[in-house]
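Enquirer: Pasting a structure below so you can have a look.
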Amino acid sequence: MRNVGITGLGHYLPKRVLTNADLEQMVETSDEWIVSRTGIKERRIAGKDEKNSDMAIKAAREALKDARLDPARVELIIVATISPDSSFPSVACLVQKAVHAPRAAAFDVSAACSGFLYALTTAKQFIRNGVYKNALVIASEKITTYVNWNDRGTCVLFGDGAGACVLKPVAGKRGILSDYIHAQGHFGDLMMVVAEERDPLDQQTKMITLPHIAMQGQELFKVAVNSMAAAVGIAVKKAGLKLSDIDYVVPHQANDRIISAVARKLHLPKEKIFINIDRYGNMSAASIAVALYEAVERKKIKRGDYVVLVTFGAGLVSAANVVKW
Ligand code: ACO
């Protein structure tokens, strides 16, 4: 069994910025409400002709370059997404074509905001078991496709973006030390994509609407805090560590208050936690991938650090990994 580590990182953020001031012009809201309830100040929105795969490809190219991995040698590509260009071909196949990785197997993983850690954990198994020598794992979301811009309860929360990493075997007791992926399908109705259709024979039924996010925010908030705190505890224990051993935490960025509540529950100082929700909002699966990229880039994470990645998402799905950097 080989240890598997993250040997390269990449990211991509669309150029268009949607500020809270912009949202004040669109729905009845205020910068003060959004910042105090969520911590979000602005978010990125993919360009009109910018597809999910365009973002995924840019993040993938950067990760491959960072890992000095020739695309021709890539053996596995997994893309975590719930907002693909279309249901098929997969975004992973579109990436494979664009980066010229003819040897690779390629597929998408659907686990909402937990997708990046679900994909990381899946890819890790293939390398650990010796099936593949490397993997390119990408999280890419054009989640704003599913935002109802008339619903102030949800439209302030989301943004688009992509992050990527390369996994390879590493020497010594380094790399991904533990993983935990979990699902609680009975909480599925707390957040879902819905669309109403008119029955052609029944004029009383609702008009057709585009598929859009429907969310029970307060309930989701409570489950999110409990699920993330539990996931951290389990992953840390599986790694044979104590919470006090952890140097840094990179959580999913859904709400600054959720992150604070998890930190309080686990008695973790907020200085040990990476936050960039103020600039990007919730980018679903891409949030944690971009946060990891920025935490490393800003030297918040150093070689030898014990790092926890933790997330939750619609499903409800939660996940955590402990990584020795
Ligand atoms: N601006 C102004 N007022 C607003 C807005 C807004 N953008 N949105 C809601 N309100 C109003 C509501 O209408 C309500 O008014 P009322 O009291 O007159 O009825 C009031 O503010 C309070 O609304 P709540 O929904 O109770 O506000 P809350 O404090 O719970 O914050 C929020 C809402 C931010 C959505 C919070 O519940 C939350 O973050 N929940 C978790 C969301 C989440 O994590 N989603 C994604 C997870 S899954 C994934 O990432 C894929």
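Enquirer: Taking only the Cα atoms of the chain, how large is their convex hull per residue, in Å³?
Expert: Numbers: hull volume 45.4 nm³, N = 325.
Enclosed volume per residue, from the Cα hull, is 140 Å³.
Enquirer: Given the options 177, 316, 260, identify the residue whose Cα lies farthest towards the positive end of the charge dipole of the stretch 177-324 (+1 on Cβ of Lys, Arg; -1 on Cβ of Asp, Glu).
Expert: Towards the positive end, the residue furthest out is 177.
Enquirer: Measuring with a 1.4 Å probe in the full set of protein chains, what accessible area per residue, in whole Å², belongs to the stretch 4-173?
Expert: 42 Å²
Enquirer: Nearest 20 debye, what's the magnitude of the dipole of the chain about its Cα centre given +1 on Lys and Arg Cβ and -1 on Asp and Glu Cβ?
Expert: Rounded to the nearest 20 debye, it is 1820 debye.
Enquirer: Is it possible to state the helix-based mean residue ellipticity at 222 nm for the chain, with each DSSP H run of 4+ residues giving -39500 (n - 2.57), the sum divided by total residues, to the nearest 500 deg cm²/dmol? What is it?
Expert: -9500 deg cm²/dmol
Enquirer: Further question on the same structure: Among 134, 122, 161, flag the residue with its Cα farthest along the positive direction of the charge dipole of the stretch 4-173, charges on Cβ as +1 for Lys/Arg and -1 for Asp/Glu.
Expert: 134
Enquirer: Related question: For the chain, what relative contact order do you get, as a whole percent, if you take Cα pairs closer than 8 Å and at least 6 residues apart?
Expert: 25 percent
Enquirer: Pick out, from 25, 251, 283, the residue whose Cα sits farthest towards the positive end of the charge dipole of the chain, with +1 on the Cβ of Lys and Arg and -1 on the Cβ of Asp and Glu.
Expert: Highest projection toward the positive end goes to 251.
Enquirer: Report for the chain the percent antiparallel among DSSP-assigned beta bridges with both residues inside it, nearest 5.
Expert: On the way: 40 of 55 bridges.
Antiparallel bridges make up about 75 percent of those DSSP assigns within the chain.
Enquirer: At R0 = 25 Å, how high is the FRET efficiency between residue 133 and residue 107 if r is their beta carbon distance? Nearest 0.05 is fine.
Expert: The pair residue 133/residue 107 has a calculated efficiency of 0.90.
Enquirer: Separate question: For the peptides 120-127, 95-102, 318-325, what is the packing order when you average, over each peptide's residues, the other Cβ atoms within 10 Å and list the highest mean first?
Expert: Details: 120-127: 21.5, 95-102: 18.1, 318-325: 25.6.
Highest mean packing first, the order is 318-325, 120-127, 95-102.
Enquirer: Can you give the charge dipole size of the stretch 4-173 about its Cα centre, rounded to the nearest 20 debye, using +1 on the beta carbon of Lys and Arg and -1 on the beta carbon of Asp and Glu?
Expert: Dipole about the Cα centre, nearest 20: 940 debye.
Enquirer: I've got another one for you. Which residue, 309, 167, 241, has the most motion in a Gaussian network model of the chain that connects Cα atoms within less than 10 Å?
Expert: 241
Enquirer: Quick one: ranking 93, 165 by accessible area, 1.4 Å probe, largest first, what do you get? Mind showing how you got there, number by number?
Expert: Numbers: 93 55, 165 0 Å².
The most accessible residue leads, giving 93, 165.
Enquirer: From the cross-link list 299/324; 58/300; 142/238; 97/299; 15/272, which pairs have alpha carbons spaced over 26 Å apart? Let's see the in-between values first.
Expert: Numbers: 299/324 15 Å; 58/300 24 Å; 142/238 34 Å; 97/299 33 Å; 15/272 29 Å.
Going by Cα-Cα distance, 142/238; 97/299; 15/272 fall outside the 26 Å limit.
Enquirer: Against the longest alpha carbon principal axis of the chain, how many degrees, from 0 to 90 and to the nearest 10, is the axis of helix 256-266 turned?
Expert: Between the helix axis and the principal axis of the chain, the angle is about 50 degrees.
Enquirer: Would you mind finding the longest exposed-site-free stretch of the chain, with exposed GluC sites (Glu not before Pro) meaning DSSP loop and at most 11 other Cβ atoms within 10 Å?
Expert: Values: sites that count: 28, 197.
Answer from the scan: 29-196.
Enquirer: Does anyone have the angle between helix 285-297 and the longest principal axis of the chain? Alpha-carbon axes, 0 to 90°, nearest 10?
Expert: 50 degrees
The values are calculated or read from the model by the stated rules, or taken from the named source; none is laboratory data. What you see is a predicted model; the values in this text were computed from it and never measured. Don't worry about glycine lacking a Cβ; one is built from the backbone with ideal geometry, like all the others, and counts go over all protein chains shown. Each accessible area value is taken on the protein alone, full model and side chains, heavy atoms only, with ligands, DNA and RNA left out. Shrake-Rupley method; radii C 1.70, N 1.55, O 1.52, S 1.80 Å.
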